[in-house]
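The values are calculated or read from the model by the stated rules, or taken from the named source; none is laboratory data. Just so we're clear, the structure is a prediction, and the values are computed from it rather than from any experiment. Note that we place each Cβ from the backbone using ideal geometry, even for glycine, and neighbour counts take in every protein chain shown. For accessibility, only protein heavy atoms count, side chains too; no ligands or nucleic acids. Shrake-Rupley method; radii C 1.70, N 1.55, O 1.52, S 1.80 Å.
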Amino acid sequence: MANPGFAITLAIVVITTFVTYSEGAPRAFFVFGDSLVDNGNNNFLATTARADSPPYGVDYPTHRPTGRFSNGLNIADLISKQLGADPTLPYLDPALDGDKLLVGANFASAGIGILNDTGIQFVNILRIYDQLDLFQQYQQRVSALIGAEQTTRLVNGALVLITLGGNDYVNNYFLTPISVRQLQYNIQDYSHVVITEYSKILTRLHDLGARRVLVTGTGPLGCVPAELALWSSNGECANELQQASKIFNPLLVQMTTRLNQQLSSDIFVAVNAMELQNDFIDKPKEFGFVTSKIACCGQGPYNGLGLCTTASNLCTNRDEYAFWDAFHPTEKANKIIVKTIFTGSNKYMSPMNLSTIMEIDSL
């Protein structure tokens with residue numbers, strides 16, 4: 001991933017590539033987190049946590065798998081679209097170079113969590129502090145293009161999305177019937193440990209220049225098809241995982257409020273993903289879904305077992321399903337989530353929604 005520099009022709013002519021940063025351009029967008037927002041970084045890593053094979057991407061504009069854990073666009077793509085910007089490229093993609101860097105970058109990596117031991121079964125993934133180190137490297141690359149002062153202005157003026165937490169429960173605390181973390185902590189104490197670590201991550205993100213950060217909580221973890229397949233006999237959500245979500249989301253709001261008070265500014269905006277997704281999980285038909293329990297792609301009860309592959313059951317109309325695979329929403333569900341991020345009340349967005357943020361920042 002070399003920076004644009006110079007090429008010397010046989011005639012010893014030096015051609016220099018200049019990149020300019022226009023303050024009138026859409027604000028840059030940076031994405032950190034897990035598979036809910038990974039748009040292809042894991043394609044470049046030796047890991048099993050990847051979505052680069054059909055039928056992933058069946059409804060993406062190219063109708064090809066991209067590394068997104070979706071039938072089409074994910075949450076980050078849809079936010080970019082609303083911002084009037086091009087989708088951010090995966091940071092590990094060699095195509096992210098030159099003026100494309102000024103759009104922002106996606107550092108997310110499927111399988112990771114807030115805690116460093118989350119997702120160890122996926123081996124080679126970009127853990128959250130790896131992502132933050134790459135963000136620092138990104139700024140060095142951009143400084144070489146537009147200078148340090150303009151880079152600081154670009155980063156400070158950017159929108160940031162960070163999506164973490166779910167894997168710390170499904171791929172750590174509840175990964176096995178009796179996990180190491182369960183032996184160490186009850187669910188309440190474990191959630192406090194996770195939130196305390198999340199606070200350190202957000203503080204580091206602020207130290208690196210982030211000034212507007214959307215911080216998502218966990219969705220209703222016990223209601224995803226994977227957990228229904230394991231624990232549900234008649235479609236009821238898994239109680240222990242639901243309790244985890246009910247504990248985590250309020251703690252997240254409290255933590256971001258406390259950080260904002262310490263910084264004397266509304267830097268962090270908490271997204272209560274559980275409340276947000278409960279709407280269409282509890283009342284799917286009101287949102288045009290036929291089901292919020294059965295995944296479009298998969299096998300076994302609720303199509304919730306194993307991976308989504310070409311051998312899996314595959315629904316014909318993805319818009320009728322809230323879940324694409326065992327864990328991840330469909331593009332249609334992602335659109336509902338993003339609409340609420342932009343316009344939702346304080347029930348979902350604390351202290352304000354993204355439309356209000358954009359209005360304030362435009363003044």
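With respect to being loosely packed, with under 15 Cβ neighbours inside 10 Å, out of contact with any Ser or Thr (no Cβ under 8 Å at 6 or more places or on another chain) and among the acidic types (D, E), E286 fits the description.
If you go through the stretch 304-334 and pick out every residue that is within 16 Å of F69 (Cβ to Cβ), in contact with a Leu (Cβ under 9 Å, 6 or more places away or on another chain) and not in a loop (DSSP other than H, G, I, E, B), you end up with 3.
If you check L175, L202, L183 for being part of a helix (DSSP H, G or I) and more than 18 Å from the chain's Cα centre (by Cα), only one passes: L183. Restricting attention to the stretch 52-80 and to residues that are aliphatic (A, V, I, L, M) and open to solvent by less than 30 Å² (accessible area, probe 1.4 Å), the residue that is farthest from L307 (Cα to Cα) turns out to be I79.
Give the stretch 81-111 a look and list any residue that's of a type in the set (S, T, N, Q) and either surrounded by fewer than 24 Cβ atoms within 10 Å (Cβ to Cβ) or under 17 Å from R50 (Cβ atoms) (or both), or say none. Within the stretch 81-111, Q82, N106, S109 qualify. Residues that are among the aliphatic types (A, V, I, L, M) and within 19 Å of V170 (Cβ to Cβ) were ranked within the stretch 302-354; the one that is modelled with the lowest pLDDT is L307. Of all residues in the stretch 105-121, those satisfying the criterion of being in contact with a strand residue (DSSP E or B) (Cβ under 9 Å, 6 or more places away or on another chain), in a loop (DSSP other than H, G, I, E, B) and not polar (S, T, N, Q) are F107, A108, I112.
Screening the stretch 308-328 for residues that are without any contact (Cβ under 8 Å) to a residue 60 or more places away in the chain and within 23 Å of Q242 (Cα to Cα) and picking the one that is most open to solvent (accessible area, probe 1.4 Å) gives Y321. Against the list (1) within 29 Å of Y173 (Cα to Cα); (2) within 16 Å of the chain's Cα centre (by Cα), the condition I120 fails is (2).
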